[in-house]
Ligand SMILES: [Fe+2]
Ligand SMILES: [Fe+2]
């Protein structure tokens, strides 16, 4: 990556988002429901913050300046965001209903993991769309000064989320024995 500011820095956020979801799934595999809930909340927070920054800061400029792009309309990005939010709400509701002493807990967890596979698939495609279209196009239609202004204020938050994800990673081996 060159020294020029680039929207590609958001790929670090995507990685933290992806990692936080895997952490949640690992807790599910351990049948640790409180931890799975806690990690799902962290994932929701990371993703929703990122969606907000895209919808408030990035997509309006993109919509104005990018012109018509096949497979890259603003409506497509926002529709995917709404779909993620709906799916996450479902996951949250499912988890809220799970009980540690339920004899069918393993089945419920398996069922949840199955549905989460689709979510991960959609998230992956969204990442590709932004990596290949949204961010490079935005880099092209903005000046370095504009990019700096849009990217800088979010940098501290991004560093914090990456650090939190790393802390979680370090905690796990001990927690799992
Ligand atoms: Fe997005
Ligand atoms: Fe994104």
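The values are calculated or read from the model by the stated rules, or taken from the named source; none is laboratory data. Keep in mind the model is a prediction, meaning the values are calculated, not measured. Positions of Cβ are backbone-derived with ideal geometry, glycine not excepted, and every protein chain shown enters the neighbour counts.
From the list 18, 86, pick out the single residue that is within 14 Å of ligand 1 (Cβ to nearest atom), modelled with pLDDT of 95 or more, closer than 19 Å to residue 127 by Cβ and assigned to a helix (DSSP H, G or I).
It is 18.
This table checks each residue for (1) in contact with a strand residue (DSSP E or B) (Cβ under 6 Å, 6 or more places away or on another chain); (2) surrounded by 13 or more Cβ atoms within 10 Å (Cβ to Cβ); (3) modelled with pLDDT under 95; (4) not in a helix (DSSP H, G or I).
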site	(1), (2), (3), (4)
37	no, yes, no, no
44	no, yes, no, no
48	no, yes, no, no
61	no, yes, no, no
67	no, no, yes, yes
79	no, no, no, no
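Of the conditions (1) surrounded by 15 or more Cβ atoms within 10 Å (Cβ to Cβ); (2) modelled with pLDDT of 95 or more; (3) in a loop (DSSP other than H, G, I, E, B), residue 72 satisfies every one except a single condition; which number is it?
Among (1) surrounded by 15 or more Cβ atoms within 10 Å (Cβ to Cβ); (2) modelled with pLDDT of 95 or more; (3) in a loop (DSSP other than H, G, I, E, B), residue 72 violates only (2).
Here are 67, 71: which of them is more than 18 Å from the chain's Cα centre (by Cα), touching a residue at least 60 places away in the same chain (Cβ under 8 Å) and at positive phi?
71
Would you point out the residue of segment 49-64, among those that are away from ligand 1 (no atom under 11 Å from the Cβ) and within 19 Å of the chain's Cα centre (by Cα), that is nearest to residue 34 (Cα to Cα)?
For segment 49-64, the residue satisfying everything is 49.
Would you call residue 18 away from ligand 2 (no atom under 14 Å from the Cβ), touching a helix residue (DSSP H, G or I) at 6+ places or on another chain (Cβ under 8 Å) and touching a residue at least 40 places away in the same chain (Cβ under 8 Å)?
So residue 18 does not fit the description; no.
Which residue pairs have Cβ atoms closer than 9 Å, lie 6 or more positions apart in sequence or on different chains, and pair a first residue in segment 103-131 that is within 20 Å of residue 10 (Cβ to Cβ) and within 16 Å of ligand 2 (Cβ to nearest atom) with a second residue that is modelled with pLDDT under 95 and in a loop (DSSP other than H, G, I, E, B)?
129/71; 129/72
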